[in-house]
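Read-outs throughout are calculated quantities, based only on the coordinates presented, and are distinct from any laboratory measurement. A quick note: this is a predicted structure, and the numbers were derived from the prediction, not measured. Positions of Cβ are generated from backbone atoms using ideal geometry, with glycine treated the same way; all protein chains shown enter the neighbour counts.
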Amino acid sequence: MSFFKYIKAIGTGPKSNRDLTFEESKEAIEIILEKDCESEQAAAFLMLLRVKLESNDELKGSFEALNKHIKRVELPESVELGFAYDGKTNQPYLFPLYGKILQEFFEKNSEIKPFDLVVSGDFLQPSKKGVTVKDVATACNLESNTHFFDRVNFCKKLSDLTSLREKLYMRTVFNTVEKLLNPANSKYAITSSFHKPYVRKYLDIFASSYDNMLVVKGNEGTVEVFNDFKYWTEVEGEIQERLLRLADFGINYTKEYENITLEECLEVINNPSDEILKLVKLNLAILLFTANRVESIETAYSMLGEC
């Protein structure tokens, strides 16, 4: 009966539903992570919470429950790239190409403090069936400044819910809060949002964990951009939005895949075209800006042109 009270709170109908408090949400997610309720109850709760639409307190409570189970290492001078866990279907991953160019950049600009890159991955999560960060990261030889963290190791209790999430085959609260679990205690982070209302949610959930955080409208809800894009930062409590166009950087990339395969991703990484390399440098410029190393993305891109 103890867990049923959470299902009842969010699933008795429009007139009786209510948002859970921070503590209630934290406790409910903790029960699910510990598997102290029936799997059917966990599935019902996750589905109803999603249909209701999660409040900020519910999201923050869920995130706090996960925090307890994360095994972290210390790599503070790093940028965490908050990829979604449902994979990509229409563009390759670029992050395996970042490390070498970033190393060259810091060698040529010795006055700028270097930083590392952090990505994390797991088994494919619903609701899309794409190529995952884990697929690519484990198939590539990443540079020494690019660190892949497998969630099987750093947050096993969430990874162990994969089969339950597969049976639901829908997005849940985990899709939102799992993007930035900060396994390396990074000072800087970037994540993605399709819709501006979620920018505020992401900043409320994650921003206090970092010295600086940026939200970008990237490809397929990831942190990598392949076309014109918006990005958001918070300055003195106000969210500021900017739109940047590829043409302003001299980039003319138009290719799009249909259900890209891992093999196609690796081919792009192993044999990048000139336009792909321009995109890599643009994405690195965004990361340099995120890490407070430059005044603007435009400045960083100009500097990277020499690498």
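Is the shape of the stretch 4-67 best called rounded, prolate or oblate, per the rule: a/c under 1.5 gives rounded, else a/b larger than b/c gives prolate, else oblate, with a ≥ b ≥ c the square roots of the Cα gyration tensor eigenvalues? Since a/c reaches 1.5 but b/c is at least a/b, the shape of the stretch 4-67 is classed as oblate. For the chain, the longest principal axis of the C-alpha atoms and the axis of helix 22-33 are separated by about 90°. Each semi-axis of the equivalent ellipsoid for the stretch 88-232 is √(5λ) with λ an eigenvalue of the Cα gyration tensor; in descending order they amount to 25, 19, 16 Å.
Counted over the stretch 78-304, the DSSP beta bridges are approximately 35% antiparallel. Working note: Karplus 6.51/-1.76/1.60 with θ = phi - 60° gives the stretch 43-53 the couplings 5, 4, 4, 5, 5, 5, 5, 5, 5, 5, 6 Hz, where Gly and Pro are set to x.
Taking the Cα centre of the stretch 11-54 as origin, work out the dipole magnitude from +1 charges on Lys and Arg Cβ and -1 charges on Asp and Glu Cβ, in debye rounded to 20.
Computed charge dipole of the stretch 11-54: roughly 340 debye.
Which order results if VAL136, VAL73, VAL152 are arranged by neighbouring Cβ count within 10 Å, fewest first?
On the way: VAL136 24, VAL73 11, VAL152 15.
Neighbour counts put them in this order, fewest first: VAL73, VAL152, VAL136.
Against the chain, whose longest principal axis comes from its Cα atoms, helix 98-108 is set at around 50 degrees.
Among the listed pairs LYS8/LYS134; LYS88/LYS108; LYS60/LYS157; LYS68/LYS100, which are separated by more than 29 Å between their Cα atoms?
Values: LYS8/LYS134 37 Å; LYS88/LYS108 33 Å; LYS60/LYS157 18 Å; LYS68/LYS100 34 Å.
From the list (LYS8/LYS134; LYS88/LYS108; LYS60/LYS157; LYS68/LYS100), the Cα-Cα distance tops 29 Å for LYS8/LYS134; LYS88/LYS108; LYS68/LYS100.
About the Cα centre, and with charges only on the beta carbon of Lys, Arg (+1) and Asp, Glu (-1), how big is the dipole of the stretch 78-304? Nearest 20 debye, please.
Values: 26 positive and 32 negative charges, 126 e Å.
Computed about the Cα centre, the dipole is about 600 debye.
On the beta carbon distance between ARG72 and LYS15, with R0 = 41 Å, the FRET formula returns roughly 0.40. If you take the Cα centroid of the stretch 200-263 and the Cα centroid of the stretch 1-54, the two points sit 31 Å apart. Count Lys and Arg as plus one, Asp and Glu as minus one, and take only other residues whose Cβ is under 13 Å from that of MET47; the net charge is then +3. The Cα center of the stretch 157-175 and the Cα center of the stretch 93-117 differ in position by 34 Å. Over the chain, with a Gaussian network built from C-alpha contacts below 10 Å, which listed residue (VAL118, VAL225, VAL173) shows the highest mean-square fluctuation? Result for the chain, Cα springs under 10 Å: VAL173 fluctuates most.
Applied to the stretch 274-281, the Karplus parametrisation 6.51 cos²θ - 1.76 cosθ + 1.60 on θ = phi - 60° returns per-residue 3J(HN,Hα) values of 4, 5, 4, 5, 5, 5, 4, 5 Hz, with x for Gly and Pro. Close amide H partners of ASN17, meaning residues 5 or more places away or on another chain with modelled amide H under 5 Å apart, are THR12.
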